[in-house]
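Since the structure comes first, as structure tokens, the remarks are kept for the end.
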Amino acid sequence: MSQEKVTLDVRTAVRDRYSKIAETFEAGTPANCGCNTSVSSCCGDEEAEAVNISAIEKFYKESDAATLPEDVTGLSLGCGDPITLAALTLGQTVLDLGSGGGIDCFLAGQRVGPEGHVIGVDMTPAMLEKARANKAKIGADNVEFRLGEIEHLPVPDASIDVIISNCVINLSTDKPQVFREAFRALRPGGKLAVSDMVTDGPLPDGIKSSLSAWAGCVAGALDVEEYISGIKHAGFEDVEIVPVYLDREQVDDAIRQLGGEIQLNGLPKEAIYKAVFSAKITARKPA
């Protein structure tokens, strides 16, 4: 199978998955990305006290997410809190890669204030419709949403102060291109701050080749060393990464949702538990 066909199939699977999430979402019932039937986020961490804890309580411990309406927080599908990681300040221009229902954009808008500006980019029209409806409901005048792919960002060169992303880059089949685009879009001295899924060691071939696993944020995860290398090769410096391990029930759910047909190639579950994890990643474009 050609790389072009693989890219198209994965992109279609991801778009279809997130379109369905957006189209079927109802406030008061947390959305689910398919990685875990028990929580509202796509990914998780070992600090969660129970599998039914909300993504807001789990990830946005230091943010103002609780002040947002359920139409926004219920569509939170990330694996971390890039807003706190980004340490945003008043007046900055922020770009969110894969903005979904808009939660991180709205939180960023609160941090940068009226003089700042936030742009959310997403390739799923149904998600953009939800995000724009939420923008109108909240009155977030300093936030806008654009249709586009994170490999080809619809923003000018050197126009962004901070780029954030929440469990989205792993869904791309061309992560080096995502990092190059992020570097292009950032101003000199600009910051990259993302929460994303990475691996430490090999994943079974069945998981890597599963479109369901790609859409659910498992198969697309790069080895952490390869991820860091991609960021550095794009031109970034001061790359830092902090691992946050998933809870075991989430890994079990992810494997079960693949239909029980994935062969683990003799890898014990203990290895899988440690092989995939969420990471807090920051880097800077040289000034």
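How do K137, K285 line up, fewest other C-beta atoms within 10 Å first?
On the way: K137 12, K285 23.
With the fewest neighbours first, K137, K285 line up as K137, K285.
For S159, what is the net charge nearby, where nearby means another residue's Cβ is under 11 Å from its Cβ and Lys, Arg count +1, Asp, Glu -1?
On the way: positive: R184, R187; negative: D157, D161.
Net local charge, S159 excluded: 0.
Taking the beta-carbon count within 10 Å as an exposure proxy, list H152, H117 from fewest neighbours to most. Can you show the working numbers first?
Details: H152 11, H117 20.
So the residues, fewest neighbours to most, are H152, H117.
If you rank E129, E225, E149 by fewest surrounding Cβ atoms within 10 Å, what's the result? Display every interim value, and only then the final one.
Details: E129 15, E225 12, E149 19.
Ascending Cβ contact count within 10 Å gives the list E225, E129, E149.
Could you list which residues have their amide H under 5 Å from that of D96, counting only those 5 or more apart in sequence or on another chain, with H placed in the peptide plane?
Here I119, G120, V121, I164 satisfy the definition.
Go through K135/K175; K135/K232; K137/K285 and tell me which ones have a Cα-Cα distance over 32 Å in this structure. Don't skip to the answer; put the middle values down first.
Working: K135/K175 29 Å; K135/K232 35 Å; K137/K285 35 Å.
From the list (K135/K175; K135/K232; K137/K285), the Cα-Cα distance tops 32 Å for K135/K232; K137/K285.
Every number here is computed from the coordinates shown, using simple stated rules; none is lab data. Given the structure is predicted, the values throughout are model-derived calculations rather than measurements. Every residue, glycine as well, gets a Cβ built from its backbone with ideal geometry; the counts of neighbours run over all protein chains shown.
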